[in-house]
Each structure stands twice: as structure tokens, then as C-alpha cells.
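Asks: Got a structure for you, written out below as C-alpha cells; questions coming shortly.
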Amino acid sequence: MKTYILLLALFVSDQFGVVKAEDKVPIADEIVKKANHMSLYQGSDSKGKITMTITDKQGRVRKREFNMLRKDMDDNDHDQKYYAYFLTPADVRKMVFMVHKHTELEKEDDRWLYMPSLDLVKRIASGDKRTSFVGSDFLYEDISGRNINEDTHELTKTTDEYYVLKNVPKKPNTVEFEYYIAYIDKKTFLPMKMEYYKKGARLYRVIKSSKIKLIEAKENDQKVSYPTVVESVARDLESGSTTVMNYSNVQYNIGIENDIFTERYLRRPPRKVMR
């Protein structure tokens, strides 16, 4: 009788997809880790030019152009360093934004901003990381990514294209949102849309990945292709402002030196950063 029940259970499971391994949906934390890797950690380093087009509610347009470098730390594959050198317009030219990103919750990220008009290096406080990045609809935290350990993650549903996750901050008093919904592409694990909600389930901010491109690179002497977001759009539903961020000349695994990400290069960026 026990054998018969076991065989019946296996038959039902196979027929209705109850325990088929190929149909198993990853748990929320696994999806978030993969999505975090795909959006921020592909390759050991990367470089690209970013053009921001900011359009306010009245239709007025401003632009920002900067080169962005990213390097993963050899001693910790989750800690990273970022360096952004601004090219245009004139009021931000030669400005530098630098981040030393730490994944330990007890250790805050280190952020610096060099303002050439004042010849001043400013440390960006942890409380400022969710403020506007150079007047755009992206925040400082958006540029280097939010620490996945700051939120709890729940897989709310799956569709043909996406894993849909609800993410709730563990320290709600440190952020302006109550939760955000992430739509993760099931094939690439790239985050395709992020919806931010305030109390009362009021949607107030949306970020979309609007264009994806395969970028070829060398990894361990092998040719690889990294699916990369080359256009993203941030919309502030409260102000009516929209920022489109376009990426060009994206390169991976180019051997960026670690000493670029030091304070002495805030005032004197190396030529390879400026070009």
C-alpha cells in the first residue's frame, strides 16, 4: 500500500508539475542576489560614458555627461569602488563623485564629491545617499546600488517574463519609501522595473531599464557577452520630472588600477578617466 501511494504521488507530481526540478522557482533571496550580480558585478571592472537628459514638468531640458569607472575589490568580491568624472555642462565640468561601497551593514559606504568651482572635497553623509544625484531623478544610492541586505525580499508572483518581488526596508526610518516592487527578467536576471511606494501604497517613483545590449569582453582569455542596461529612465511622479540615462562605449575587464579610487585623484583625475 505504501508503495502504491508513493507511486501515485510521483505520478500526480509529474503530471501537474508539483516537484519537477526544471519548474522550481528560485527563492526570493536567490533571485535578488542574481539580479544584484547582473546589474552591478558583471566583469571585474567596467568603464563607460553616461549621458543624462533631465526633463522637468514644464518641458525644460538639462544634460549631464560623465565617465564612470567601477572596480571590484580582490579581497572581497562584494565591495566595490566607483569613480565618476563629469565632462559637461560647464557648471559641473571636472566635478568628481567617488564611492567606496561596503556590503557589511555595520559599515557605511564612503562617498566623496569634489566641486572644482570651490576646490572643495565634500564627504557625502550616509543620510544623503537618497538625495538627488546632480539634480537628476536618480539618487546617489541608485548609481552604486542599494545594499540588498538592507531589505527583506518576498517573491509575490511570477509572470511569463518576470519574477516580481516586494522589498521592505529593515530600517524604515532611514528611507523615504515604505517598500518597492522589482520586476526581474527571468532569462537575464536584470532588474527591468522598480516601483517605489510611500505609505498608503502610493506610487511616487519608477525606474525602468528601457534598452539592453550584449557587450563583448574577455574573461579568463575567453570571449564572453554581458547583457547590459544601456538606457534607463527614472520618473518622479511627485515633481513630474524624468531623467533618461544613456550608456555608451561600455567596456569590461580592462584592468583599471586601484589607486585611481583615492582622494588624491579627486582633484587631479588621470587622463584615462577624462577621455
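Asks: 5 Å is the cut-off here: which amide hydrogens, built 1.01 Å from N in the peptide plane, fall below it relative to Phe138, excluding neighbours closer than 5 in sequence?
Replies: Under 5 Å from the amide H of Phe138 lie the amide H atoms of Phe133, each far enough along the sequence or on another chain.
Asks: Which ³J(HN,Hα) values, rounded to whole Hz and listed in residue order, are derived for the range 229-237 from phi using the Karplus coefficients 6.51, -1.76 and 1.60 in 6.51 cos²θ - 1.76 cosθ + 1.60 with θ = phi - 60°, glycine and proline given as x?
Replies: These are the phi-based 3J(HN,Hα) values: 6, 10, 8, 9, 10, 10, 10, 9, 6 Hz.
Asks: Give the peptides 182-193, 258-269 in descending order of average Cβ contacts within 10 Å, highest first.
Replies: Working: 182-193: 18.7, 258-269: 14.1.
Peptide ranking by packing, descending: 182-193, 258-269.
Asks: If you work out Cα extents along the principal axes in Å from the coordinates, which of (1) 83, 51, 36; (2) 45, 42, 39; (3) 50, 50, 40 do you get?
Replies: (1)
Asks: Another question, then. Using θ = phi - 60° and the Karplus form 6.51 cos²θ - 1.76 cosθ + 1.60, what ³J(HN,Hα) does each residue of the range 130-144 get, whole Hz, x for Gly and Pro?
Replies: 10, 10, 4, 8, 6, x, 9, 8, 8, 9, 3, 5, 5, 5, 9
Asks: Using 0.36 nm per residue of separation minus the Cα-Cα distance, give me the extension gain between Asp259 and Val25 in nm, one decimal. Present the calculation step by step, with values, prior to reporting the outcome.
Replies: Working: separation 234, 0.36 × 234 = 84.24 nm, distance 4.21 nm.
Between Asp259 and Val25, full extension yields 80.0 nm more.
Asks: For Lys122, put the label point 7 Å out on the Cα→Cβ axis and report which residues of the range 234-273 keep their amide N under 16 Å from it.
Replies: 267
Asks: On to the next question. I need the phi-derived Karplus couplings for the range 93-106: 6.51 cos²θ - 1.76 cosθ + 1.60, θ = phi - 60°, integer Hz, Gly and Pro marked x.
Replies: Each residue of the range 93-106 in turn: 4, 6, 6, 10, 10, 10, 10, 10, 8, 10, 8, 5, 4, 6 Hz.
Asks: Then there is this: Using the alpha-carbon centroid of each, what span in Å lies between the range 92-123 and the range 146-190?
Replies: Cα centroid of the range 92-123 versus Cα centroid of the range 146-190: 27 Å apart.
No lab work stands behind these numbers, since they all come straight from the coordinates. Because the structure is a prediction, the values reported are computed rather than measured. Ideal geometry is used to build each Cβ from the backbone, glycine not excepted, and the neighbour counts take in all protein chains shown.
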